[in-house]
1. Taking the residues in region 316-372 that are among the hydroxyl-bearing types (Ser, Thr, Tyr) and in contact (Cβ under 8 Å) with a residue 60 or more places away in the chain as candidates, determine which candidate is nearest to Lys132 (Cα to Cα).
2. Determine, yes or no, whether Pro219 is closer than 30 Å to Asp325 by Cα and either in a loop (DSSP other than H, G, I, E, B) or polar (S, T, N, Q) (or both).
3. Looking at the structure I just gave you, is Tyr29 farther than 30 Å from Glu255 by Cα, among the hydroxyl-bearing types (Ser, Thr, Tyr) and in contact with a helix residue (DSSP H, G or I) (Cβ under 9 Å, 6 or more places away or on another chain)?
4. Does Glu41 satisfy the condition of being among the acidic types (Asp, Glu), without any contact (Cβ under 8 Å) to a residue 24 or more places away in the chain and within 19 Å of Val250 (Cα to Cα)?
5. Scan Glu239, Glu311, Glu297 and give me the residue that is within 16 Å of the ligand (Cβ to nearest atom) and either within 30 Å of Asp184 (Cβ to Cβ) or in contact with a Gly (Cβ under 7 Å, 6 or more places away or on another chain) (or both).
6. Looking at region 10-30 only, could you name the residues that are within 9 Å of the ligand (Cβ to nearest atom) and basic (Lys, Arg)?
7. Looking at region 200-218, which of the residues that are under 13 Å from Pro143 (Cβ atoms) and modelled with pLDDT of 85 or more is surrounded by the most Cβ atoms within 10 Å (Cβ to Cβ)?
8. Name the residue, out of Tyr3, Tyr61, that is closer than 30 Å to Lys288 by Cα and at pLDDT 95 or above.
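The values are calculated or read from the model by the stated rules, or taken from the named source; none is laboratory data. Keep in mind that what you see is a predicted model, and the values were worked out from it rather than measured. Every residue, glycine as well, gets a Cβ built from its backbone with ideal geometry; the counts of neighbours run over all protein chains shown.
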Amino acid sequence: MQYCKICIQTDTRPGISFSEDGICSACDYRSKKFPKIDWTERQKQLQEIVDWAKENSRGGYDCVIGISGGKDSTFQALYAKEQLRLNVLLVNVAPDNITEVGRQNLENLVQKGFDLVSFRPNPIVMSNLTRKSFYEYGNPVKPSEYPLYAVPYQTAMMYKAPLIIWGENVAITLGVTKLGISGDALNVLGHNTLEGIETKDYWLQDVLTLTDLLPYKFPDVSELKKNHRAIYLNYYVREWGWKNNTDFSVARGLEGRVDRPELTARIGPYNSVDGDIQIVNQMIKYYKLGFGFVTDEVCYYIREGLMSRNEAINLAKKYDGKCGDQYIDEFCKYINITVEEFWTNIDKHVNKKLFYKDISSKWVPKFEVGEDF
Ligand SMILES: [Zn+2]
């Protein structure tokens with residue numbers, strides 16, 4: 001396992017690439033390409049897209065934005081409304097077991113003056129798919145990510161809104177290079193976490209039918225391209241960033257989690273506030289890839305010049321891999337398995353090159369955070 005020399009991203013992240021001098025693609029972008037970007041030119045390109053959207057708005061709405069009510073979507077929605085002067089239709093795909101603070105944040109955003117389409121995928125289907133994905137991939141959130149992307153596209157087509165605005169292209173922020181650094185979001189099918197969306201047979205095993213999967217299905221991209229465009233805002237807008245979006249949204253009423261990092265394995269209180277399943281998923285990710293959400297978080301901080309690499313290493317050491325028992329209990333209840341069955345399945349997915357089981361049957365890292373292994 002190799003660590004980036006600037007941040008502490010590892011080469012175990014799917015899709016990541018490293019330069020010969022040991023710099024990850026996200027840091028390479030931030031240190032070399034980002035300072036040279038002509039933002040006036042990017043704003044011009046964005047304005048052209050906005051003008052196009054207004055001219056081609058056949059149903060009244062210029063654009064659709066899929067939102068959770070979190071820091072990024074609050075910034076996105078208000079930027080589109082206030083700066084770009086677009087007539088925005090918001091779409092929220094509600095997660096199962098939404099948190100109270102998640103509900104408040106969504107309400108806070110809508111109260112700024114938006115129309116909102118609220119979509120709730122069938123919870124029985126979602127729970128089935130989640131269980132399947134947990135066992136097969138060791139990834140309980142994969143199914144819930146499909147409707148987050150698919151439903152805003154479906155809604156844009158339904159309401160004839162020409163533009164779909166997404167937040168960040170992860171090729172830029174995480175360095176998942178195969179997506180390509182571009183503002184065009186119709187390449188989203190190349191997104192790693194969405195791979196397999198067309199392998200219907202797999203998801204259709206057991207009790208599910210094709211119609212159960214409608215919210216999980218992307219519209220045909222060639223069909224979409226006839227009347228729609230989709231963009232990543234972070235490609236066009238200089239101020240997009242972890243700190244900027246957080247400060248902006250908190251100033252406009254965004255609320256954070258109150259639970260502690262020892263339980264949530266995240267430092268900032270403003271990440272994935274609408275559901276707890278992400279906390280479980282990040283713990284599993286830690287056992288699979290050797291890093292969890294704190295690593296992701298501190299890498300953003302390092303690149304934005306807010307944290308030293310040493311400080312980042314200490315935080316990742318301290319919190320990555322943690323997960324409060326209550327979140328595991330809640331998750332097990334949700335997919336109808338016992339806590340024992342949960343851990344038996346985790347055992348299967350742990351990366352045994354990176355972890356060993358100690359005498360108390362706990363998985364312990366063989367590696368030291370920040371040191372190539
Ligand atoms: Zn890096």
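1. Going residue by residue through region 316-372, those that are among the hydroxyl-bearing types (Ser, Thr, Tyr) are 319, 327, 334, 338, 344, 356, 360-361.
If we keep only those that are in contact (Cβ under 8 Å) with a residue 60 or more places away in the chain too, we end up with 327, 334.
Details: Tyr327: 19, Tyr334: 12 Å.
Among those that are among the hydroxyl-bearing types (Ser, Thr, Tyr) and in contact (Cβ under 8 Å) with a residue 60 or more places away in the chain, it is Tyr334.
2. Values: closer than 30 Å to Asp325 by Cα: no; either in a loop (DSSP other than H, G, I, E, B) or polar (S, T, N, Q) (or both): yes.
The answer is no for Pro219.
3. Working: farther than 30 Å from Glu255 by Cα: yes; among the hydroxyl-bearing types (Ser, Thr, Tyr): yes; in contact with a helix residue (DSSP H, G or I) (Cβ under 9 Å, 6 or more places away or on another chain): yes.
Spelling it out, Tyr29 is indeed farther than 30 Å from Glu255 by Cα, among the hydroxyl-bearing types (Ser, Thr, Tyr) and in contact with a helix residue (DSSP H, G or I) (Cβ under 9 Å, 6 or more places away or on another chain).
4. On the way: among the acidic types (Asp, Glu): yes; without any contact (Cβ under 8 Å) to a residue 24 or more places away in the chain: yes; within 19 Å of Val250 (Cα to Cα): no.
Answer is no for this residue.
5. Working: Glu239 fails: within 16 Å of the ligand (Cβ to nearest atom); Glu311 fails: either within 30 Å of Asp184 (Cβ to Cβ) or in contact with a Gly (Cβ under 7 Å, 6 or more places away or on another chain) (or both).
From the options Glu239, Glu311, Glu297, the qualifying one is Glu297.
6. Answer for region 10-30, where residues must be within 9 Å of the ligand (Cβ to nearest atom) and basic (Lys, Arg): just Arg30.
7. In this case the residue turns out to be Tyr216.
8. Working: Tyr61 fails: closer than 30 Å to Lys288 by Cα.
The unique qualifying residue is Tyr3.
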